[in-house]
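None of the figures in this text is laboratory data; all of them are computed from the coordinates on show. None of these values were measured; they are calculated from a predicted model. Every residue, glycine as well, gets a Cβ built from its backbone with ideal geometry; the counts of neighbours run over all protein chains shown.
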Amino acid sequence: MRKLFYISLVVVLAVSLIGVGHSIAKKKFLTLASGSPGGVYYPLGGGMAVVIQKTTDLRCAAESTGASVENCRLVGVGESDMGMVMGSIAFKAIQGQEPFEKKFPLAALFQMYPAPEHIVTVSGKGIKSVKDLKGKKVSIDVPGSGCAVMAKAILEEYGFNLEKDLTIAHLSQSESVQALKDGVIDAVFFNFAYPGSAVLDLAATRDIMLIPVEAAMADQIVKKYPYYVKITIPAKTYPKVDHPVLCLGDSNVLIANKQMEEDVAYKIVKAIFENVDKGKWALKDIHPIAAQLTPSNAVNSPVALHPGAIKYFKEVGAIK
């Protein structure tokens with residue numbers, strides 16, 4: 001009798017373990033390629049992975065990487081399911097432009113947050129528009145940076161000869177702040193998400209002005225450089241800047257391979273946007289940049305959205 005009992009118990013346990021194992025096996029496992037420690041991608045990517053793991057029937061883990069270029073390749077060849085990348089880099093990966101040797105089948109799940117090109121000056125310089133930079137000393141960031149590349153594109157579209165019409169300096173962000181404080185330069189280009197600490201530092205001791213890009217010129221530049229996006233810095237983001245400022249900028253996008261199942265993409269996007277500012281796993285508690293994770297920002301991507309993402313954004317009214 002006792003022997004029969006033990007046999008029955010073993011059978012029950014075996015069936016139970018098979019059931020548990022089957023349940024685990026049914027859970028789809030995903031990886032999210034973020035960035036290196038110290039940047040925004042690393043903590044935000046980790047937070048997104050936790051949200052997906054805790055609030056859906058999907059399993060997810062974030063992995064530290066070299067960020068944009070590497071992430072496009074990882075997602076493009078199927079070694080990662082999602083990746084955090086700059087919008088301009090994703091665009092070039094899809095087109096097969098340098099630094100990529102071939103085209104990669106990528107789609108955007110959403111724009112995470114924009115990085116507008118701030119054009120900053122201080123009062124007393126007589127600069128109210130980009131055209132007023134003629135004859136001025138302007139820092140556009142270090143050589144080869146994304147900020148410098150975009151600054152040159154903007155200035156050239158405005159008709160400036162960069163060697164004759166103004167004096168270009170290649171200062172770091174901290175150097176630019178000090179040089180503008182000291183009157184060594186007249187204006188500076190910065191590229192980062194708002195509010196930027198460099199601009200706040202400058203505003204602490206100077207009356208700053210943010211120079212807008214005119215709407216028609218913004219349209220012209222985006223048409224020529226489709227990986228750039230139009231971004232409006234809201235009024236009162238910076239001290240004494242009481243009006244919205246239209247800028248051009250790059251975006252930061254969460255991408256997936258085009259082959260990702262529509263329902264999986266939908267679940268990922270829905271989970272993240274329902275846990276931005278509320279709940280136990282709120283992303284705003286991980287990094288303040290998550291405050292910019294809004295549906296209206298999310299759909300403003302330089303690369304096409306995944307069908308699963310489109311489904312979610314239509315449900316919440318961000319896409320008509």
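Computed values, structure above
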| quantity | calculated |
| --- | --- |
| Estimated FRET transfer efficiency (Val149, Asp285; beta-carbon r; R0 41 Å; 0.05) | 0.75 |
| Student exercise, the chain dipole from Lys, Arg, Asp, Glu Cβ charges, in Debye to nearest 20 | 980 debye |
| Exposure proxy order (Cβ contacts within 10 Å, fewest to most) of His118, His306 | His118, His306 |
| Within the chain, percent of DSSP bridges classed antiparallel, to nearest 5 | 70 percent |
| C-alpha long axis of helix 215-224 to longest principal axis of the chain, angle in ° | 60 degrees |
| Proportion of all alpha-carbon pairs of the range 115-250 beyond 18 Å (%) | 49 percent |
| Helix 41-55 axis, angle to the chain major axis (alpha carbon atoms, nearest 10°) | 30 degrees |
| Magnitude of the charge dipole, the range 115-250, Cβ model with Lys/Arg +1 and Asp/Glu -1, debye to 20 | 220 debye |
| Computed lengthening from Asn300 to Arg59, 0.36 nm per intervening residue step minus Cα-Cα distance | 84.0 nm |
| Alpha-carbon centroids, the range 118-177 and the range 254-320: separation in whole Å | 34 Å |
| DSSP bridge orientation in the range 115-250 - percent antiparallel, rounded to nearest 5 | 75 percent |
| Cα radius of gyration and Dmax for the chain (Å) | 23.8, 100 |
| Theoretical gain in end-to-end length, Ala215 to Lys278 [0.36 nm per residue, Cα-Cα removed] | 19.1 nm |
